[in-house]
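Undergrad: Attaching a single structure in structure tokens format; questions to follow.
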Amino acid sequence: MKPNFIVYLFVLSSALFSCNGGKKTADANIIESSSTANNPKGNGKAPVLTFEHETWDFGIITEGEEVEHTFGFKNTGNKALLISDVQASCGCTIPVWPREPIAPNQESEIKIRFNSTGKHESINKDVTIFSNTNPIKKKLSFKAFVKAKSEKTK
């Protein structure tokens with residue numbers, strides 16, 4: 001009975017530790033633990049993702065309209081910034097981000113395109129950036145009020 005239990009325990013633990021629930025995380029190759037993990041405020045040797053603004057309000061838009069916004073940012077740290085992934089909170093939002101390293105003091109941008117088809121009234125959405133900064137995740141957000149096609153703005 002003991003050998004079966006040990007095999008069962010091994011298989012279960014392997015399954016638990018090999019899955020990440022389908023969530024994407026930053027590539028481990030781009031995270032430098034010596035510069036980010038031990039010093040959350042940075043030690044001057046890490047990239048720092050600094051945005052002009054982290055929220056955006058599209059205002060009132062009509063259902064079916066596609067709107068776009070650009071979030072400008074700068075690497076204010078002392079190492080190259082690498083963005084490994086940008087995820088939107090729903091399929092109605094498409095992010096576009098730089099795939100190449102962003103050098104210290106270099107500026108770049110993340111563009112988002114929101115499709116309001118099938119959306120109604122107030123919406124609030126997030127876009128999560130995964131990079132080699134500390135913390136590795138950064139959230140941007142946007143909102144809009146989606147009016148029906150037949151409604152008119154007052």
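Undergrad: Checking K45 against (1) basic (K, R); (2) outside any strand (DSSP E or B); (3) within 26 Å of V146 (Cα to Cα), which single condition isn't satisfied?
TA: (3)
Undergrad: Between G64, G59, G77, which is in a loop (DSSP other than H, G, I, E, B) and over 21 Å from K45 (Cα atoms)? Let's see the steps before the verdict.
TA: On the way: G59 fails: in a loop (DSSP other than H, G, I, E, B); G77 fails: over 21 Å from K45 (Cα atoms).
After applying the criteria, what remains is G64.
Undergrad: Being within 18 Å of A46 (Cβ to Cβ) and either without any contact (Cβ under 8 Å) to a residue 60 or more places away in the chain or assigned to a loop (DSSP other than H, G, I, E, B) (or both) is the filter here; which residues of region 108-136 pass it?
TA: Within region 108-136, S108, N132, T133, N134, P135, I136 qualify.
Undergrad: Checking N132 against (1) within 18 Å of F71 (Cα to Cα); (2) touching a Pro at 6+ places or on another chain (Cβ under 7 Å); (3) of a type outside the set (G, A, S), which test does it fail?
TA: (1) is the only condition that N132 fails.
Undergrad: Could you please find all residues in region 81-107 being of a type in the set (A, V, I, L, M, F, W, C) and either part of a strand (DSSP E or B) or touching a helix residue (DSSP H, G or I) at 6+ places or on another chain (Cβ under 9 Å) (or both)?
TA: Within region 81-107, L81, L82, I83, V86, A88, I94, V96, I102 qualify.
Undergrad: Yes or no: region 18-25 includes at least one residue that is modelled with pLDDT under 90 and surrounded by 11 or more Cβ atoms within 10 Å (Cβ to Cβ).
TA: Yes: one or more hits.
Undergrad: What is the number of the single condition among (1) under 22 Å from Q87 (Cβ atoms); (2) surrounded by fewer than 16 Cβ atoms within 10 Å (Cβ to Cβ) that I123 does not meet?
TA: (2)
Undergrad: Which residue out of K79, K149 is buried (at least 18 other Cβ atoms within 10 Å of the Cβ) and of a type in the set (K, R)?
TA: None of the other options fit; the residue is K79.
The values are calculated or read from the model by the stated rules, or taken from the named source; none is laboratory data. Quantities reported herein were computed from a predicted structural model and do not represent experimental measurements. So basically every Cβ, Gly included, is an ideal-geometry build from the backbone, and we count neighbours across all protein chains shown.
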